[in-house]
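Undergrad: Okay, here's the structure, questions in a sec.
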Amino acid sequence: MKYAFVTGSTAGIGLAIAQRLLNEDCFVFVNFAHDEENARVAGEALAEISSNYCIIKADMSNIEGVNIACETIMKQCPRLDYLILNSYATDKSGFKQVSLVQWQHVMDSNVSMPFFLMQHLFDHMAENGSVVCMGALMGIYPHAISISYGVSKAALHMLCQSMVKVYASKRIRINAVCPGFVDTPAQFSKAPDHRLRIENKIALNRFAEPFEIADFCYSILMNNYINGAVIPVCGGYDMA
């Protein structure tokens, strides 16, 4: 049996990835920070597939949460084959309203804690394992709505590529998958005219479904030669 850890995985893309891995007979460590109801609903959805999962409550925006998650994983499985860094934070405050605390929270969530999570789990990762960093299209194309988010995702892309040589001694591959606009709960609140403007900028004229991103992540995990890649999955954004 293969063992996987998906951070931020009780909703949206993270949950879709956890479900795909369960369907592929992996044991999956699922993670959430605060939303107990989301975790309960996710647990019910996962249980319909398999009992081979463990839900870990740990806030992946701080080192205490990283420590909790790592200790749980290292106690409960002999090794970790797949690591999917999916949890994130954003901040849509106006440029002049962004505080140091807000900026640091986004950077900690999206860059610093992924680094320390990989550091803590390095010795526990299986040889020939695979890591996926969930990047973002906004880490490739500049965007003024959430500057901290875009900058942090661009930094995550570079962290991913910088880790290639670190992981090479264990033949672990690491890649960044960069979704564009995906129909997750975070997108449902957008006004219809706002969604339409976005759809009109996408060659496929629609948002992605979470399972489409999950399917691509799984294909990257399984591919034995893709390494150090930063790959947009955006339906042809800005190509319409």
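Please treat every number below as a calculation from the coordinates, not as lab data. Computed from a prediction, not measured in an experiment: that's the story for all the values here. Cβ sites come from the backbone with ideal geometry, for glycine too, and all protein chains shown count toward neighbours.
Undergrad: Distance from a point 7 Å along Cα→Cβ of V98 to each backbone N in the stretch 149-193: keep the residues under 11 Å and list them by number.
TA: Residues 149-153 qualify, since their backbone N sits under 11 Å from the label point.
Undergrad: Taking H placed 1.01 Å from N in the peptide plane, check which residues at least 5 places from G228 or on another chain put their amide H under 5 Å from its amide H.
TA: Amide H neighbours of G228, under 5 Å, 5+ apart: I174, N175.
Undergrad: What is the dipole size for the stretch 47-139, taken about its Cα centre, with +1 at each Lys and Arg Cβ and -1 at each Asp and Glu Cβ, in debye to the nearest 20?
TA: Result for the stretch 47-139 is approximately 240 debye, rounded to the nearest 20.
Undergrad: Sticking with this one: If each residue's Cβ is checked for other Cβ atoms within 10 Å, how do C217, C77 rank with the fewest at the top?
TA: Starting with the residue having the fewest Cβ neighbours, the order is C77, C217.
Undergrad: Related question: Which whole-Hz couplings ³J(HN,Hα) result when phi for each residue of the stretch 124-129 is put into the Karplus expression 6.51 cos²θ - 1.76 cosθ + 1.60, θ = phi - 60°, listed in order with x for Gly and Pro?
TA: Result, ordered by residue: 8, 6, 6, 4, 6, x Hz.
Undergrad: Right, something else. Looking at the chain, which Cys residues are left with no other cysteine's beta carbon under 4.7 Å from theirs?
TA: C26, C54, C70, C77, C178, C217, C234
Undergrad: Round to the nearest 10 and give me the degree value, 0 to 90, for the angle of helix 210-222's Cα axis relative to the longest principal axis of the chain.
TA: 50
Undergrad: What value in Å³ per residue do you get for the convex hull of the alpha-carbon atoms in the chain?
TA: Output value, Cα hull per residue: 124 Å³.
Undergrad: Figure the gain on full extension for A45 and Q187 (residue separation times 0.36 nm, minus the Cα-Cα span) and round it to one decimal in nm.
TA: Fully extending the segment from A45 to Q187 adds 49.0 nm.
Undergrad: Continuing with this model, one more query. Report the charge-dipole magnitude of the stretch 3-233 in Debye, nearest 20, computed about the Cα centre from +1 at each Lys and Arg Cβ and -1 at each Asp and Glu Cβ.
TA: 740
Undergrad: Amide H neighbours of A126 under 5 Å, counting only residues 5+ apart in sequence or on other chains, H built in-plane at 1.01 Å?
TA: Amide H to amide H, under 5 Å and 5 or more residues apart or across chains, A126 pairs with L80, D81.
Undergrad: Among 150-160, 195-205, how do they line up from the highest to the lowest mean number of other beta-carbon atoms within 10 Å?
TA: By packing density, highest mean first, the sequence is 150-160, 195-205.
Undergrad: Please figure out what share of the DSSP beta bridges in the chain is antiparallel and state it in percent, rounded to the nearest 5.
TA: On the way: 1 of 28 bridges.
Around 5 percent antiparallel, to the nearest 5.
Undergrad: Can you grab the distance from the C-alpha centre of the stretch 78-132 to the C-alpha centre of the stretch 1-52, Å, no decimals?
TA: Using only Cα atoms, the two centres lie 18 Å from each other.
Undergrad: Could you check what % of the DSSP bridge pairs in the stretch 112-240 are antiparallel, to the nearest 5?
TA: Of all bridge pairs located within the stretch 112-240, approximately 10 percent are antiparallel.
Undergrad: Once amide H atoms are built 1.01 Å from N in the peptide plane, which residues 5 or more positions from I55, or in another chain, come under 5 Å H to H?
TA: Answer set, sorted by chain and number: V30.
Undergrad: What is the distance, in nm, between label points placed 7 Å from the Cα along the Cα-to-Cβ direction at L204 and at E36?
TA: Inter-label distance under the simple model: 3.8 nm.
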